[in-house]
Amino acid sequence: MFRLLASALLLIPALAVAQPKIAIIIDDLGYHRSRGEAIINLPGPITCAVIPQTPHAPTLAKLAHDIGKEVILHMPMETDGYAELDVGGLREDMTQEDFVSTVDAAVSRIPEARGLNNHMGGILTADVNAMNMLMASLGEHGLFFVDSRTTPQSVAGNLARQHGLAYAGRDIFLDNERDLVAINDQFNQAIALAKRRGHAIVIGHPYPETIEYLQNVIPLLDNAGIKLVPVSSLLNRPQMAKAKPAATPDPAL
């Protein structure tokens, strides 16, 4: 049955666009070494999103970088419904000094990182002040930003653009349901989007089901006419010099 599921993507018709591209980001790397290594060893340019202060983050980031995989920071951010934020996370009530030093510590621990996406962040990515601080810090470090889009109220992508950063946003979550049939349905949605629009960005996690699915499906992408790329290949890149973010106007005199 799994062969039939995996080959379903071959049946999706292509429209008249250039070769469709898909980026696959795997989040939450760093807590489980063996699962992280399984993700890193997947064929093709998977983007590895490492939670900076987790036990295996530096080892996995170096391993991924050494074999040519793209590494980004998967930065914990405050959200609704969680009693505890991962160590090294960003909160809405932080001072600017603490906020910036937390980002600096993440970059220092994972020097292989080329960009950053948010882990959770339903509250923080909707906060203009916090996102201004984040984008300024990313600009200082020369990193791009990918919005995981965990809330429809996110202002992160717009503020990344205002700060002159290269940025992108997630299109499909692959494995909210840890079931091969559901994962296959989500991946086929990504394939259809890529064939219609030209590209799609997928986010998954190092679950055994996801690992098994991708091990079987990634080798089929070439025959399906799909190019797997690192997420940095699908960024919106501002053409102008770094723009100053919108400020509150001075009161009329």
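The values are calculated or read from the model by the stated rules, or taken from the named source; none is laboratory data. Being a predicted model, the structure only gives us computed values, none of them experimental. Positions of Cβ are backbone-derived with ideal geometry, glycine not excepted, and every protein chain shown enters the neighbour counts.
Key figures for this structure:
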{"read-out": "Flag for residue 77 being within 30 Å of residue 191 (Cα to Cα), at pLDDT 95 or above, out of contact with any Cys (no Cβ under 7 Å at 6 or more places or on another chain) and not polar (S, T, N, Q)", "value": "yes"}
{"read-out": "Of all residues making up region 108-122, the number that are surrounded by 19 or more Cβ atoms within 10 Å (Cβ to Cβ), modelled with pLDDT of 95 or more and assigned to a loop (DSSP other than H, G, I, E, B)", "value": "3"}
{"read-out": "Output for region 195-237, where each listed residue is part of a helix (DSSP H, G or I) and within 13 Å of the chain's Cα centre (by Cα)", "value": "231, 232, 233, 234"}
{"read-out": "All positions within region 135-160 that are out of contact with any His (no Cβ under 9 Å at 6 or more places or on another chain) and part of a helix (DSSP H, G or I)", "value": "137, 140, 141, 156, 157, 158, 159, 160"}
{"read-out": "Considering residues of region 55-73 that are over 17 Å from the mean Cα position of the chain (by Cα) and outside any loop (DSSP other than H, G, I, E, B) only, the residue nearest to residue 103 (Cα to Cα)", "value": "58"}
{"read-out": "Test: residue in region 80-97 that is over 21 Å from residue 204 (Cβ atoms), at pLDDT 95 or above and in a helix (DSSP H, G or I)", "value": "yes"}
{"read-out": "Options 60, 138, 159; residue that is surrounded by 22 or more Cβ atoms within 10 Å (Cβ to Cβ) and closer than 19 Å to residue 28 by Cβ", "value": "60"}
{"read-out": "Only one of 248, 150 that is farther than 21 Å from residue 26 by Cα, hydroxyl-bearing (Ser, Thr, Tyr) and at pLDDT below 95", "value": "248"}
{"read-out": "Which listed residue is crowded, with 24+ Cβ neighbours inside 10 Å and assigned to a loop (DSSP other than H, G, I, E, B), from 52, 45, 76", "value": "52"}
